[in-house]
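I have placed the structure first, in the form of structure tokens, so that the comments after it can refer back to it.
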Amino acid sequence: MRFSKSFIPTLRETPSEAVVTSHILMLRSGMIRMVAAGIYSFLPTGYRVIRKISEIIREEMNAIGGQEFHLPALNPKEIWEETGRVEAFGDILFHVKNREYVLAPTHEEIMTFHARNVLKSYKDFPQIWYQIQTKFRNEPRPRSGVIRGRQFLMKDAYSFDISPEGLDKSYELHDQAYRKIFDRCGLKYFVVGASSGAMGGSGSEEFMVKSDAGEDTVAHCDNCGYAANVEVAESKVPSRGREEKNEELKEIHTPNIRSINELCEFLKIKETQCAKSRIYVHLGKPVLIFMLGNEEVNESKLVKYLGGAVRPAHPEELVELTGAEAGSIGPVGFNGRIIADLRLKDANNLYGGANKTDYHYGGIDFTRDAKNIEYADLRRVVSEEGCIKCNSPLQVFTAIELGHIFKLGTKYSEAMGAMFLDEKGEEHPIIMGSYGIGADRVMACFIEQHHDEKGIIWDTALAPFHVHLMGLNLKNEEVAKACEEIYKSLTDNSFDVLFDDRNDAQAGVKFNDADLLGMPLQIIVGDRKLKTNQVEVKIRKTGERFDVELDKLMPKLKEIWRDTVLK
Ligand code: ATP
Ligand code: MG
């Protein structure tokens, strides 16, 4: 491909609309352009990457017996009404104005529609159906470029089985295929949420990459691979334990002291001597929660522990329930359910509210002063705490979901009446799984992981071109002739080449564009080196440069390709 005839609108400056690295580099390298919020065009160079990602996905899906479909993006609304998902998706679902159609955000309904019409006998199974297709979601906050778009390309696959064991097998095949896909793309990823193992149950795994642009916060152990969303992550942080000398309960006047920080300051005590209280209302009844020191309640864990609707109590309810304002609430004499975080298990000599505004107790002993207390893990893990599995330090960071595999079970087949007949002629709902990968996200995440201050650093697998050939002064006939010859011989040797043949661009501009676009190899042809029959080869990844004699160029390139670029 000749640069002079290509549409590669590179930008020198960082566009103001972008903050995330991949977004900045995709814009600057002329791979994408924004059309409206969350809506992007892939320009030719960017689309070459998307096609490579799609091809890797296609090969690995075909290898597990997947059959490729192409389903309509425009869906009759009735089909979505069968599963109740017009309501479930709510505002995320794009409606076509006359409201008889929706733009599909995913394709469980349409695939189940086809399955229902053709998969009738146990002999028709198993099946794996997939497609690589545009999805539409009216994301409330599209951001980070193509990482969260309102229109994006997804590989979505669906498995159809007749037994829970069959589903387990289909799920396992996808798990393996996903690992191969992400490995081949050159992504460093980790997996969150191991399968529950329940037969045909609701196992699911998310394939994630660490990124500042991520919207999920996860805890991850480098040592054993344990990973979980902080909403549910556990750690081996020790409980505070009991102090040897057990103090008496004593009431202390603490005027205007509302927070743990103020209490510590006022009484000259440490945070770990305090029990912080929070009151929630669970199914209409108050629940008093205690955390050690200044730790916050992890509401997801609380909801999971209690089950059913939970909300923080309103300030006026606090006074009604405890006789005290926030800041002075404690376990002693509290009439209702009390749950403390595991770190407070059986703790004594604690400071906490006295259920009397402006008063606290010292010497609270949970085993003596708060009868019937329950203990549960209610905190959010933080970095450096011991991994629950192997006790190595955990890291907490934000991450992006690249892909998701999910055991659906019979949710869709039951809702839509997709049934099969078993060997005895009895009817059962088909057992399904669904498996998605965002292709645009794969591209953005690769760039998040492979770049430097100058630009993108492609691996061979996803690189739009293998080689970036630059002629420095093409008005020089020798240079022009050598470039044409190299261009032809590279192409003849199956290298994909971007040939910067621009007559009017300065050498500096060409160098900057080559580093920004990030092809694995650069060949630089200038009149000075050409005098000794040499050209320069640069490896983008390592920055190494070599002078290579023209007649040795092809073998040398193949050698570098094999020994360095592919490594
Ligand atoms: P997220 O939590 O990031 O919104 P999701 O759980 O909604 O993701 P799925 O419905 O499981 O995602 O979709 C499968 C894959 O499609 C995701 O793993 C992701 O790679 C991609 N994807 C989802 N939403 C978007 C989006 N708005 N823009 C780009 N890719 C997306
Ligand atoms: Mg989503």
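The values are calculated or read from the model by the stated rules, or taken from the named source; none is laboratory data. Being a predicted model, the structure only gives us computed values, none of them experimental. Every residue, glycine as well, gets a Cβ built from its backbone with ideal geometry; the counts of neighbours run over all protein chains shown. Note: accessible area is taken over every heavy atom of the protein model, side chains too, but ligands, DNA and RNA are not part of it. Shrake-Rupley method; radii C 1.70, N 1.55, O 1.52, S 1.80 Å.
Table for the structure above
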{"read-out": "Complete set of residues in the range 384-407 that are part of a loop (DSSP other than H, G, I, E, B) and open to solvent by less than 50 Å² (accessible area, probe 1.4 Å)", "value": "385, 390, 392, 394"}
{"read-out": "Residue within the range 227-239 that is at pLDDT 90 or above, over 26 Å from residue 163 (Cα atoms) and touching a Phe, Trp or Tyr at 6+ places or on another chain (Cβ under 8 Å) present", "value": "yes"}
{"read-out": "Selection from the range 132-148 of residues that are closer than 27 Å to residue 66 by Cα and away from ligand 2 (no atom under 11 Å from the Cβ)", "value": "132, 133, 134, 136, 146, 147"}
{"read-out": "Test: residue in the range 61-74 that is within 16 Å of ligand 1 (Cβ to nearest atom) and in a helix (DSSP H, G or I)", "value": "yes"}
{"read-out": "Inter-residue pairs, beta-carbon under 6 Å, first in a loop (DSSP other than H, G, I, E, B) and in the range 486-497, second surrounded by 19 or more Cβ atoms within 10 Å (Cβ to Cβ), 6+ apart", "value": "495/466; 495/467; 496/465; 496/466"}
{"read-out": "Breaking point among (1) under 30 Å from residue 24 (Cβ atoms); (2) in a strand (DSSP E or B); (3) open to solvent by 50 Å² or more (accessible area, probe 1.4 Å), for residue 191", "value": "(3)"}
{"read-out": "Matching residues, the range 408-459, being of a type in the set (Val, Ile, Thr) and either open to solvent by 50 Å² or more (accessible area, probe 1.4 Å) or assigned to a strand (DSSP E or B) (or both)", "value": "431, 437, 456"}
{"read-out": "Flag if residue 461 is under 30 Å from residue 183 (Cβ atoms) and within 33 Å of the chain's Cα centre (by Cα)", "value": "yes"}
{"read-out": "Failed criterion for residue 455 (all others in (1) in the same structural domain as residue 61 (by TED's automatic domain parsing); (2) at pLDDT 95 or above hold)", "value": "(1)"}
{"read-out": "Condition met for residue 192 (modelled with pLDDT of 90 or more and closer than 30 Å to residue 154 by Cβ)", "value": "yes"}
{"read-out": "Top-ranked residue in the range 105-135 [being over 24 Å from the mean Cα position of the chain (by Cα) and assigned to a loop (DSSP other than H, G, I, E, B); ranked as nearest to ligand 1 (Cβ to nearest atom)]", "value": "126"}
{"read-out": "Residue match in the range 107-124 (condition: open to solvent by less than 50 Å² (accessible area, probe 1.4 Å) and farther than 30 Å from residue 421 by Cα)", "value": "no"}
{"read-out": "Odd one out for residue 532 among (1) in contact (Cβ under 8 Å) with a residue 40 or more places away in the chain; (2) surrounded by fewer than 12 Cβ atoms within 10 Å (Cβ to Cβ)", "value": "(1)"}
{"read-out": "Subset of the range 506-522 [without any contact (Cβ under 8 Å) to a residue 60 or more places away in the chain and either within 20 Å of residue 31 (Cβ to Cβ) or in contact with a Lys or Arg (Cβ under 8 Å, 6 or more places away or on another chain) (or both)]", "value": "509, 510, 511, 514, 521, 522"}
{"read-out": "Qualifying residue in the range 79-90 (condition: more than 16 Å from ligand 2 (Cβ to nearest atom), in a loop (DSSP other than H, G, I, E, B) and in contact (Cβ under 8 Å) with a residue 40 or more places away in the chain)", "value": "yes"}
{"read-out": "Hits in the range 91-106 (condition: open to solvent by 50 Å² or more (accessible area, probe 1.4 Å) and in contact with a Lys or Arg (Cβ under 8 Å, 6 or more places away or on another chain))", "value": "94, 95, 99, 100, 101"}
{"read-out": "Failed item in (1) open to solvent by 70 Å² or more (accessible area, probe 1.4 Å); (2) not in a helix (DSSP H, G or I), with residue 266 passing the rest", "value": "(2)"}
{"read-out": "Residues being in a loop (DSSP other than H, G, I, E, B), open to solvent by 20 Å² or more (accessible area, probe 1.4 Å) and near ligand 1 (Cβ under 6 Å from one of its atoms) - total across the range 136-150", "value": "2"}
{"read-out": "Selection status of residue 485, of a type in the set (D, E, K, R), open to solvent by 40 Å² or more (accessible area, probe 1.4 Å), more than 32 Å from the chain's Cα centre (by Cα) and not assigned by TED's automatic domain parsing to the domain that holds residue 27", "value": "yes"}
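Condition check ((1) of a type in the set (A, V, I, L, M); (2) touching a Pro at 6+ places or on another chain (Cβ under 9 Å); (3) open to solvent by 10 Å² or more (accessible area, probe 1.4 Å); (4) in a loop (DSSP other than H, G, I, E, B)) across all residues:
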{"residue": "316", "(1), (2), (3), (4)": "no, no, yes, no"}
{"residue": "324", "(1), (2), (3), (4)": "yes, no, no, yes"}
{"residue": "333", "(1), (2), (3), (4)": "no, no, yes, yes"}
{"residue": "340", "(1), (2), (3), (4)": "yes, yes, no, no"}
{"residue": "357", "(1), (2), (3), (4)": "no, no, yes, yes"}
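For every residue, the table says whether it meets (1) away from ligand 2 (no atom under 16 Å from the Cβ); (2) of a type in the set (Gly, Ala, Ser); (3) modelled with pLDDT of 95 or more; (4) within 30 Å of residue 464 (Cβ to Cβ).
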| site | (1), (2), (3), (4) |
| --- | --- |
| 55 | yes, no, yes, yes |
| 61 | yes, no, yes, yes |
| 67 | yes, no, yes, yes |
| 94 | no, no, yes, no |
| 103 | no, no, yes, yes |
